[in-house]
1. Need a quick list: helices (runs of 4 or more DSSP H) entirely within the range 220-311 having at least 2 residues that are more than 22 Å from the chain's Cα centre (by Cα) and farther than 27 Å from residue 167 by Cβ.
2. Quick check on my filter: what residues within the range 70-82 are crowded, with 17+ Cβ neighbours inside 10 Å and part of a loop (DSSP other than H, G, I, E, B)?
3. If you check 225, 249, which single one turns out to be in the same structural domain as residue 134 (by TED's automatic domain parsing) and either over 30 Å from residue 155 (Cβ atoms) or surrounded by fewer than 16 Cβ atoms within 10 Å (Cβ to Cβ) (or both)?
4. Which condition does residue 198 not pass, out of (1) over 21 Å from residue 135 (Cβ atoms); (2) touching a Pro at 6+ places or on another chain (Cβ under 7 Å); (3) not small (Gly, Ala, Ser), if it passes all the others?
5. Among the candidates 172, 146, 150, 226, single out the residue that is touching a Cys at 6+ places or on another chain (Cβ under 9 Å) and at pLDDT 95 or above.
6. From 50, 14, 28, 62, grab the single residue that is touching an Asp or Glu at 6+ places or on another chain (Cβ under 7 Å), assigned by TED's automatic domain parsing to the domain that holds residue 214 and modelled with pLDDT of 95 or more.
7. Filter the range 228-245 down to the residues that are small (Gly, Ala, Ser) and out of contact with any Asp or Glu (no Cβ under 6 Å at 6 or more places or on another chain), then identify the one that is surrounded by the most Cβ atoms within 10 Å (Cβ to Cβ).
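The values are calculated or read from the model by the stated rules, or taken from the named source; none is laboratory data. For clarity, every value in this text was computed on a predicted model and none was experimentally measured. Every residue, glycine as well, gets a Cβ built from its backbone with ideal geometry; the counts of neighbours run over all protein chains shown.
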Amino acid sequence: MSGDKSLKMLVTGAGGFVGAAVVRAAQAAGVAVHASGRGDAPVRLAGCDAPYTRTDMFDRHAVDALFAAVRPDIVVHTAWAGVSGDARADDVQFANINATCHLAAAAVCHGARKFVGLGSQAEYGMFHGPVAETHVPNPSSLYGAAKLSASHLARQRCEVADVEFAWLRLFATYGPGDNPNWLIPSLIAGMATGTSPKMTPGTQKWDYLYNDDTAAGVLAVALGDARGTFNLSSGSALPVRDIAAMIRDRIAPDLELRFGEVDFGPGQIMHMEGDISALRHATGWSPRIDLATGLDRTIAAMRPLLQKAAA
């Protein structure tokens, strides 16, 4: 994929795991990319020379000023508050909807030609097995409902103004720089200290996409002609107990894994897998990093931090 230096791309949420990866991938592809986030220049963008503007997406005046200054051709909106824990059921989700709609309106007002938003598999609600975009969404959480609402409302704003719109329902992603509280990095950190983490039975199947592939998928949509809603995932799922065993075998082969010490949480999806046929057909994108390779890279990236913490 080659970039066009005449195109300007604005990425919101650039301090986040996915947003930072998109900024780096866009710059590597030769795209003139401008990053934005709610904090100071984020650690995840260290060494990256893309311009960065601190912007609170809930501040409409700040958002308008950002768009007036950058005047992006393409907007990739990855920013979202309250993505984990109790915050997924908090009123901040309503604020996320309003912010997304205003970002879409700003994109229209300042001449953007395309708006790409990052959604979630949570928009589908409870499902079992490979799910395609034709599945009727029925979110079971405020977070999922907010993502779905934001996609419908932002799309309407864009389509009325003839601005191309795409929405990517992201499943699970992982890789270097991930949130340490998520499953894969927390398992790596625990096993590196010789601790066998308490786990559920681990029979649930999950679809994990390496974050570089996530960014490549976002770029494929942003820089291409794809419009509409697409799943963004690896397209395959493994039992969590198998993933844990893969990590154990790489870090502490003699460590006994303790499955079944924690009960499944309420609303546990037992087979979360995205059908990515539509995205492949629309863009030609496919994941390139298999799970074994991705885990190797993630563990290698975490080792210096783990060694420093143990010192």
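1. In the range 220-311, the matching helices (runs of 4 or more DSSP H) lie at 240-251, 291-310.
2. Across the range 70-82, the qualifying residues are 72, 73, 78, 79, 80, 82.
3. Working: 249 fails: in the same structural domain as residue 134 (by TED's automatic domain parsing).
Being in the same structural domain as residue 134 (by TED's automatic domain parsing) and either over 30 Å from residue 155 (Cβ atoms) or surrounded by fewer than 16 Cβ atoms within 10 Å (Cβ to Cβ) (or both) holds for just one of 225, 249, which is 225.
4. (2) is the only condition that residue 198 fails.
5. Values: 172 fails: touching a Cys at 6+ places or on another chain (Cβ under 9 Å); 146 fails: touching a Cys at 6+ places or on another chain (Cβ under 9 Å); 226 fails: touching a Cys at 6+ places or on another chain (Cβ under 9 Å).
Matching residue, one of 172, 146, 150, 226: 150.
6. So the residue among 50, 14, 28, 62 that is touching an Asp or Glu at 6+ places or on another chain (Cβ under 7 Å), assigned by TED's automatic domain parsing to the domain that holds residue 214 and modelled with pLDDT of 95 or more is 62.
7. Step by step, filter the range 228-245, then rank; the result is 244.
Here is a yes/no grid of residues against (1) surrounded by 24 or more Cβ atoms within 10 Å (Cβ to Cβ); (2) under 25 Å from residue 101 (Cβ atoms):
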position: 12; (1), (2): yes, yes
position: 16; (1), (2): no, yes
position: 31; (1), (2): yes, no
position: 35; (1), (2): yes, yes
position: 48; (1), (2): no, no
position: 65; (1), (2): no, yes
position: 68; (1), (2): no, yes
